[in-house]
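One structure below.
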Amino acid sequence: GLGVPASRYVSIALHIAPMRGDAASIAGPARTPAFAVRALGERRYTVSYVGAPAGTVELSGDFNGWTPIVLREVSAGDGHERWEATLTLAPGVYHVSLRVDGGAWTAPPGTPSVTDDFGGTAGIVEVR
């Protein structure tokens, strides 16, 4: 006995598929930060982030042992910037974090988040 009174437990599952379309259209008129994963075929995916102007944007995840990947800036204008990286990924569920200008690692906007092992958050992304 752990001294836990009798109680009921619930498990909840969440299925997330890669977003279709580009991150700029997902951000909408207000241009709030947005994150998207778009399938290119042959296990290749484009990861996009749209946000306020920044010097660097990095992505890290369990898909590559949490080694940071620097996203490349692909457009700028109207007070927001778009950053991208192309990745080869096997189908599965991944934990990912995003860092802007060397700040804290956080769950990408729009992804469900979980607490990571370092007191921060990681997002959950599923690719097929």
Inset, instruction - List, in order, the whole-Hz ³J(HN,Hα) value for each residue of region 113-121 obtained from phi through the Karplus relation with A = 6.51, B = -1.76, C = 1.60 and θ = phi - 60°; use x for Gly and Pro. - result: 10, 9, 6, 8, 6, 10, x, x, 10
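Over the residues of region 53-104, compute the C-alpha Rg and express it relative to 2.2 N^0.38 Å. Numbers along the way, then the final one.
Details: Rg = 12.1 Å, N = 52, 2.2 N^0.38 = 9.9 Å.
Compared with the compact-globule rule of thumb, region 53-104 sits at 1.23.
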Legend entry - Global form of region 37-128, assessed from the alpha-carbon gyration tensor, a/c cut-off 1.5: oblate
Inset, instruction - Provide the per-residue ³J(HN,Hα) series for region 51-63, in order, calculated from phi with Karplus coefficients 6.51, -1.76, 1.60 and θ = phi - 60°, each as a whole number of Hz, with x at glycine and proline positions. - result: x, 4, x, 8, x, 9, 9, 10, 10, 9, x, 6, 5
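Counting pairwise Cα distances across region 32-77, what percent come out greater than 16 angstrom? Working shown, then result.
On the way: 483 of 1035 pairs.
Percentage above 16 Å: 47.
Every number here is computed from the coordinates shown, using simple stated rules; none is lab data. Everything numeric in this text was worked out from a predicted model, so none of it was measured.
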